[in-house]
Amino acid sequence: MGLFLHTVLFPGGDESACQGAIEQAAGDPAMGIQLAQCRWHIFNKGPAVLIEGFCTGYDSLAKALSLNLPCPVMVLYIYDDDFWGYYLWEHGVELDQFATMPNYFEYGSPPDRPGNAQIVTQCFGQPHEIDRYLLPWSEDRMDDTAYDTDNYVVGDCWQMADLMNVLGFDYNMLDPPKELPDILKMPPLPPGITREMIIQSSSGHDPASNSEPLPNAITSLAYAIQRAEEFDTEINQLIRDMCCQSAIPLLTAAIQANPDQAAPYILRAFCWNKLEGLTSGISRKPDIDRDLTKALEFEPDNVMVLRARCPVTATTNRYKRHIDDLTRLIELDPKHQDQYQIDRAYRYHWIGDHDSARADLQDLLQRKVKKTIDLTYLLAEYRM
């Protein structure tokens, strides 16, 4: 399951009144709001709240809040890491709604239409252009930014944060950077002991477990150290010491100086992954995905990078690319064909290509591979 996130903006709202409206909405168990997990910040444009945990009925929430407030209410959401959207209400009347992936659930849900930029700008009282944010995603626009000043591209759910910023609500103020855990500040360790071993141990992961995933370019410290040997001593030492936050700006400079080399992209993706969820409220997975994709332009047959890229963006519009990556991995790394083929069967299943999923499963059965939990589940799904 991916990310489900809900942020409510109250342009021109009164702090106490808005908090009271959220408390009243939380009184309805169907809303699923946990007041203790709500994070507030008062911006110049008005209050905003990040509702953590699972919350239901985005339109119902917007309507309920707007009935109790004199200001507009915008409920922004990210749905399962797949797309973002919003509902804009005022005085119990829906003014606008928008979703970047129309027809996601079924035809017409969400509706296939752009958001109303004029209404949004009137409610938020700001002159900036926002029209390009409010267009449903299309393949010909994927991986382009709506505006040059954006941090996130079309196809990236965190494009929502770019829109919020333009509207005067900085998402990072709702979910500020977190202090680095001690494990990433530790002094050098004894010979033979790596920080990766300690991180795995502290997270309850057993390195000797038979279910351990295959190592890849963003999880393997040994591979990162190997690629770091292509650089000067400073980057090399920072990677060895797992000083990922310090290494990122140096790797960015290395990319700018030599944009046609794979190693700096690979190492920056490794560092982003180690810091994921630790230093910022915004996910770095889109950055990881872009760096890995760039690395594959220069090293298209790099098994470690292909392994890493496949699961990074587990969203519906990326499953077809996952299938291509897994097909290539089967060709390049036949030793692990069974695992790749099970993963590919899942992707076929998720996009509704059931004939291809069954073909993979039939091949696995004929080879009499070990029935893992994942394989057993798929076989049951297809009654095989």
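The values are calculated or read from the model by the stated rules, or taken from the named source; none is laboratory data. Here the structure is a predicted model, which is why all the values come from computation and not from measurement. Cβ atoms come from the backbone with ideal geometry, glycine included; neighbour counts cover every protein chain shown.
Within region 152-168, is even one residue of a type in the set (S, T, N, Q) and farther than 16 Å from residue 43 by Cα?
Here is the first cut: in region 152-168, the residues of a type in the set (S, T, N, Q) are 159, 165.
In the following step, the residues that additionally are farther than 16 Å from residue 43 by Cα were identified as 159.
Yes, there is a match, as at least one residue in region 152-168 is of a type in the set (S, T, N, Q) and farther than 16 Å from residue 43 by Cα.
If you check 76, 95, 69, 88, which single one turns out to be hydrophobic (A, V, I, L, M, F, W, C), assigned to a loop (DSSP other than H, G, I, E, B) and assigned by TED's automatic domain parsing to the domain that holds residue 41?
69
Out of the residues in region 103-139 meeting the condition of being part of a helix (DSSP H, G or I) and touching a Leu at 6+ places or on another chain (Cβ under 6 Å), tell me which one is surrounded by the most Cβ atoms within 10 Å (Cβ to Cβ).
Here is the first cut: in region 103-139, the residues part of a helix (DSSP H, G or I) are 117-124, 131-134, 139.
Subset that is touching a Leu at 6+ places or on another chain (Cβ under 6 Å): 117, 119, 124, 133.
On the way: 117: 17, 119: 14, 124: 21, 133: 24.
Among those residues, the one meeting the criterion is 133.
Go through region 100-132 residue by residue and tally those that are of a type in the set (Phe, Trp, Tyr) and under 18 Å from residue 81 (Cβ atoms). If you could, list the steps in order and put the result at the bottom.
Residues of region 100-132 of a type in the set (Phe, Trp, Tyr): 104-105, 107, 124.
After this cut, where a residue has to be under 18 Å from residue 81 (Cβ atoms) as well, the list is 104-105.
Of the residues in region 100-132, 2 are of a type in the set (Phe, Trp, Tyr) and under 18 Å from residue 81 (Cβ atoms).
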So in region 301-334, with the set limited to residues that are modelled with pLDDT under 85 and not in a helix (DSSP H, G or I), which one is surrounded by the most Cβ atoms within 10 Å (Cβ to Cβ)? 313
Can you name the condition, by its number, that residue 39 falls short on among (1) assigned to a strand (DSSP E or B); (2) surrounded by 20 or more Cβ atoms within 10 Å (Cβ to Cβ)? (2)
Result of the Cβ filter at 6 Å on region 41-56, keeping first residues that are over 20 Å from residue 12 (Cβ atoms) and partners that are modelled with pLDDT under 70, at least 6 apart or interchain, is none
Do we have residue 248 as touching a Cys at 6+ places or on another chain (Cβ under 9 Å), crowded, with 16+ Cβ neighbours inside 10 Å and at pLDDT below 90 here? yes
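Mind listing just one residue for me: the one in region 217-255 that is part of a helix (DSSP H, G or I), of a type in the set (Gly, Ala, Ser) and closer than 25 Å to residue 301 by Cα and, of those, nearest to the chain's Cα centre (by Cα)? Break it down stepwise before answering.
Applying the first criterion (part of a helix (DSSP H, G or I)) to region 217-255 yields 221-228, 233-240, 244-255.
Subsequent filtering for residues that are of a type in the set (Gly, Ala, Ser) retains 222, 224, 228, 246-247, 253-254.
If we keep only those that are closer than 25 Å to residue 301 by Cα too, we end up with 222, 224, 228, 254.
Numbers: 222: 26, 224: 23, 228: 26, 254: 25 Å.
Among them, the one singled out is 224.
Kindly indicate whether any position in region 90-99 is within 19 Å of the chain's Cα centre (by Cα) and modelled with pLDDT of 85 or more. Before the answer, list the steps.
To start, the set of residues in region 90-99 that are within 19 Å of the chain's Cα centre (by Cα) comprises 99.
Still in the running and modelled with pLDDT of 85 or more: 99.
Yes; the residues of region 90-99 include at least one that is within 19 Å of the chain's Cα centre (by Cα) and modelled with pLDDT of 85 or more.
Would you check if residue 377 is surrounded by 15 or more Cβ atoms within 10 Å (Cβ to Cβ) and in a helix (DSSP H, G or I)?
Values: surrounded by 15 or more Cβ atoms within 10 Å (Cβ to Cβ): no; in a helix (DSSP H, G or I): yes.
No; evaluated as a whole, the condition is false for this residue.
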